[in-house]
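Remarks on the structure that follows.
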Amino acid sequence: MLLFLFSFLAAAVFILFSMSFQYLVIDDLEQAGSRLLLPVREEEEFTIKYIHSVDLLPVYEIYECKEGNIRLKETHFYNFGAGMGLLKERGIYVEEGDLLKILEINEVIDPFILRVGEVPDQKLTHRNNEYSLVEKFGHGARVSFQIKKLSGFEILTAVIFAD
């Protein structure tokens, strides 16, 4: 009986560690080991909200996991601040009251790098949870966003050694 239990547990551990799972991996490029792992399914969305540096109004960038990549799906904002008007050429422009939206951008940007700051105050929303990037990585950090397949072993070690 003990041999059966040991064999079963060994097989379960082997299967778990040999399987891979899709994650949004956010790594601090300057501080090794500082990362955020979030499980993602195909076509699952996440949002990065930040404060535009010129007009100081919120901007929402909606991304999705598509075919193992991050795609910028749409952007919502309240004013054509510096750089925002350029997005009009990359999708369908819609106005909803004071809210301006660029839909169907569908641009692959995996990986992409973001400079974290207190003024833009970037917040990532994933599965109804909000993560403050400045609280997680610190002001001035350069972070990389990628979709990666991680083994059960990689996930377990990330949980054990999380900062």
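Give me the orientation-averaged projected area of the Cα convex hull of segment 2-160, in nm², one decimal.
In nm², the orientation-averaged hull projection of segment 2-160 is 11.1.
As a proxy for reagent exposure, Leu2, Leu100, Leu56 were ordered by neighbouring Cβ count within 10 angstrom, fewest first; the result is Leu2, Leu56, Leu100. Cross-link partners for Lys148 among the aspartates and glutamates, with Cα-Cα distance under 15 Å and sequence neighbours closer than 8 places in the same chain left out: Asp27, Glu42, Glu43, Glu44, Glu64, Glu67, Asp110. The modelled label-to-label distance between Glu104 and Ile92, using points 7 Å beyond Cα along the C-beta direction, is 0.4 nm. Here Lys149 is the anchor, and the lysines within straight C-alpha reach of less than 26 Å, apart from those fewer than 8 places off in the same chain, are Lys49, Lys66, Lys73, Lys123, Lys136. Using 0.36 nm per residue of separation minus the Cα-Cα distance, give me the extension gain between Glu67 and Leu2 in nm, one decimal. Full extension of this stretch gives 19.0 nm more.
Put in order of Cβ neighbour count within 10 Å, fewest first, the listed residues Ile105, Ile160, Ile26, Ile113 become Ile160, Ile113, Ile105, Ile26. Annotation for segment 101-163: trypsin sites (Lys or Arg not before Pro) lying in DSSP loop with at most 14 further Cβ atoms inside 10 Å of their Cβ are Arg127.
Considering only Val94, Val108, Val25, the mean-square fluctuation computed in a Gaussian network model of the chain, springs between alpha carbons under 10 angstrom, is largest for Val94. Dipole size of the chain about its Cα centre, with +1 on Lys/Arg Cβ and -1 on Asp/Glu Cβ: approximately 440 debye, rounded to the nearest 20.
As a length-normalised measure over Cα pairs under 8 Å and 6 or more apart, the relative contact order of the chain settles at 28 percent.
Farthest towards the positive end of the charge dipole of the chain, among the residues Gln31, Val134, Thr157, is the Cα of Thr157, using unit charges on the Cβ of Lys, Arg, Asp and Glu.
A short reminder: the numbers here are calculations on the coordinates, not readings from a lab. This structure is a prediction, so every number in the text was calculated from the model and none was measured. A quick note on method: Cβ atoms are made from the backbone with ideal geometry, for glycine too, and the neighbour counts reach across all protein chains shown.
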